[in-house]
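The values are calculated or read from the model by the stated rules, or taken from the named source; none is laboratory data. It should be emphasised that the depicted structure is a prediction, and the values quoted were computed from it without experimental measurement. Note: ideal-geometry Cβ built from the backbone for every residue, glycine included; neighbour counts use all protein chains shown.
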Amino acid sequence: MPTIYSTTNIASLSSADVKSLTTAQMRALETDQVVGFTTAQIPLLSAAQLNALNSAQIAAIQTEDIQQIGNGIWSNLGTLALASLTSDQVVALTSSQVAAFSSDMLNKLTNFGALETADIAKISITNLQGLSTAQIPNFSTLQAAALTSTQMGAFNATQFSKFQPADVAVLSTSVMASLGADKLAALTTAQAAQLTSSQIQSLSATQLSKFETADLAAIPTASLAVLSNTQLAGLTTAQDAALTGRLSTAQHAAWEVAHINNKTEFQNLNNTTFGVDVKVAAILPSQVSFFVQCTN
């Protein structure tokens, strides 16, 4: 394309002229000429023509023009074209365009974190499953906060372990409550260190029992403080030991009471460092009948 073609001249090209541009002519375009393509002309360009552009040329496509590229064209764009999309261009993508992206295409986006939450919601379960472990850390906190339990369920344990700690900190309580044993076991200490009080409260005793001791010990003290007697009852001996000095007197007493298995252990309540009143207060409803029998 001769440099005499200005932005204005590009805009004046007929549909036939646009369609007839060769890949060599596309490569020869100056970035200001690329800017000159109109929203009516962009949809006329083929995947081959767009794939001929270099990174700077792709980045020069106007955001309103990005929205005019058809799904059939997107699916045939190469790695360079997809990786060259700027954050503004990624923001400009429509939800229908993103919904048509394959996981391979999504993995090629350098600015994946710029996708709007409405776009993330349109990514299929299959494509979420196909996101690479290299792309998962690129989720923004806004994107992570918008994930649903169903979407989180699409990720495997390895993928889950790749979320940035800051992203884990904003996961909704419904998402936290839906996490399975595999994901909880895959939780990293850095992720565990970001868990909030509300997130901890949303976990069941069974879920807490799946935490590795190092991860459990990494949970902030303020978040541990909200553990209920029922949740504490699910902790293993090793987990309780990992929290030595981190639980309150009442919480540790609750753990001990939850693990009383016979009359002798019940009678020894008075012989430990915790006051019997504290321990009696920690008795769970499910233990009442057992303890009544122990007093007879």
**OP:** Assess whether residue 241 counts as being more than 23 Å from residue 171 (Cβ to Cβ), of a type outside the set (D, E, K, R), at pLDDT 90 or above and assigned to a helix (DSSP H, G or I).
**Re:** yes
**OP:** Report whether or not residue 110 is over 30 Å from residue 146 (Cα atoms) and either in contact with a helix residue (DSSP H, G or I) (Cβ under 9 Å, 6 or more places away or on another chain) or part of a helix (DSSP H, G or I) (or both).
**Re:** no
Original post:
Are any of the residues in the stretch 127-143 outside any helix (DSSP H, G or I), out of contact with any Lys or Arg (no Cβ under 9 Å at 6 or more places or on another chain), under 30 Å from residue 254 (Cα atoms) and modelled with pLDDT of 95 or more?
Top reply: no
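Yes or no, residue by residue, for (1) of a type outside the set (D, E, K, R); (2) farther than 30 Å from residue 118 by Cα; (3) in contact with a strand residue (DSSP E or B) (Cβ under 9 Å, 6 or more places away or on another chain):
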{"residue": "152", "(1), (2), (3)": "yes, no, no"}
{"residue": "155", "(1), (2), (3)": "yes, no, no"}
{"residue": "158", "(1), (2), (3)": "yes, no, no"}
{"residue": "174", "(1), (2), (3)": "yes, no, no"}
{"residue": "182", "(1), (2), (3)": "no, no, no"}
{"residue": "209", "(1), (2), (3)": "yes, yes, no"}
{"residue": "220", "(1), (2), (3)": "yes, yes, no"}
{"residue": "238", "(1), (2), (3)": "yes, yes, no"}
{"residue": "243", "(1), (2), (3)": "yes, yes, no"}
Subject >> The lone exception for residue 169 - which of (1) in contact with a Lys or Arg (Cβ under 7 Å, 6 or more places away or on another chain); (2) within 25 Å of residue 142 (Cβ to Cβ) it fails >> reply: (1)
Subject >> Positions within the stretch 71-107 being farther than 21 Å from residue 142 by Cα and either aromatic (Phe, Trp, Tyr) or in contact with a Pro (Cβ under 6 Å, 6 or more places away or on another chain) (or both), in sequence order >> reply: 74
**OP:** Give 80, 93 a once-over and let me know the one that is crowded, with 19+ Cβ neighbours inside 10 Å and touching a residue at least 12 places away in the same chain (Cβ under 8 Å).
**Re:** 93
Original post:
Within the stretch 1-36, restricting attention to residues that are over 18 Å from residue 81 (Cβ atoms) and among the β-branched types (Val, Ile, Thr), which residue is modelled with the highest pLDDT?
Top reply: 10
**OP:** Identify all residues within the stretch 89-104 that are within 14 Å of residue 77 (Cα to Cα) and either part of a loop (DSSP other than H, G, I, E, B) or not β-branched (Val, Ile, Thr) (or both); write none if there are none.
**Re:** 97, 100, 101, 102, 103, 104
